[in-house]
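First up is the structure itself, then whatever we jot down about it.
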Amino acid sequence: MPPATPRYEQIGQGYARTRREDPRLRALLHAALGDARTVVNVGAGAGSYEPPDRHVVAVEPSDVMAAQRPPELAPALRASAHDLPLRDGSVDAAMAVLTVHHWDEEQERGVRELRRVARGPVVLLTYDAAVAARMWLQADYLPEVGELDRRTFPPLERLAAWLGGAVDVTPVPIPRDTSDWMLGAFWAHPERVLDPQARAATSGFARMPAAVVARAVSDLSRDLADGTWDARHGHLRALDAFDAGLRLVVARPA
């Protein structure tokens, strides 16, 4: 992501209101960091999922996102993933939560930078785009988001090659009652598609042309009103969690 025009300067307004930490996801991420005492969080945004009991170096290019960090967190360095202002092996671990897909042509360089600066684990939260595209939202209403995900989320095997070492990939089912309203969390809540604030805090919606969003909202409004959505997908409302493609990637040096 070029530092002069971070994407979230445009789409990050109000992000912290609907993208709040989920304690179960936080526990997974913190466990993956192991016993690391120093952690760099790249694409740190509003600070969600940063471990409060460790020394965190937050890196975030967007002023809009960094301004939403709570006062108890350290300010974020203004830098980009592809050129981290840290020495080789200067931190115990690195983390990047739902951000690699925003690094555009610098994805490989950014991921390799995470590996360069971390002595221990590199922990990524990302999506398997092929699995995400099968969710009803992309499959029935927003195939454009599925195509965007296919282009922007690096395949897991590519991430593993960039990271090197031993790489574990774990599916992360998204709880129905999660407080982090990422796009995958809409799986049991179609009404969120009709909420402009909820849509705006997901990069999938925020990066779509207005006409595409309007079409999806109109089509889903109709299908909710006449019962079509519930006839097709209402069984999802009874599930506690669902695999919408979210993946935890943990890479340890060889």
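Every number here is computed from the coordinates shown, using simple stated rules; none is lab data. Keep in mind that what you see is a predicted model, and the values were worked out from it rather than measured. All Cβ positions, glycine included, derive from the backbone under ideal geometry; neighbour counts span all protein chains shown.
Quick notes on this one:
- Pair D35, R109: separation of 7 Å Cα→Cβ label points (nm): 3.7 nm
- Net charge dipole size for the chain [Lys, Arg +1 and Asp, Glu -1 on Cβ; Debye, nearest 20]: 300 debye
- Difference of contour (0.36 nm per residue) and Cα-Cα distance, D177 to V212: 9.8 nm
- DSSP bridge orientation in the range 8-252 - percent antiparallel, rounded to nearest 5: 50 percent
- Relative packing of 136-147, 35-46, which averages over residues the other C-beta atoms within 10 Å, highest first: 35-46, 136-147
- Treating r as the C-beta distance of R26 and D226 and R0 as 41 Å, the FRET efficiency rounds to 0.55.
- Relative to the longest principal axis of the Cα atoms of the chain, the long axis of helix 143-152 makes an angle of roughly 10 degrees.
- Shape parameters for the range 98-254, alpha-carbon atoms, Rg then Dmax in Å: 16.9, 56
- Against the chain, whose longest principal axis comes from its Cα atoms, helix 23-32 is set at around 30 degrees.
- Dipole axis of the chain (+1 Lys, Arg; -1 Asp, Glu on Cβ), positive-most option in V57, Q68, M182: V57
- Between helix 107-117 and the chain there is an angle of about 40 degrees, using the helix long axis and the longest principal axis of the Cα atoms.
- Look at where the Cα atoms of the range 52-79 and of the range 89-104 average out, and the two centres are 13 Å apart.
- Positive-end extreme of charge dipole, the chain - chosen from P173, L25, G146 (charges on Cβ): L25
- The H on the amide N of I174, modeled in the peptide plane, is under 5 Å from the matching H of F242, D243, A244, each at least 5 residues off or on a different chain.
- Whole-number percent relative contact order across the chain, with pairs defined as alpha carbons under 8 Å at least 6 apart: 22 percent
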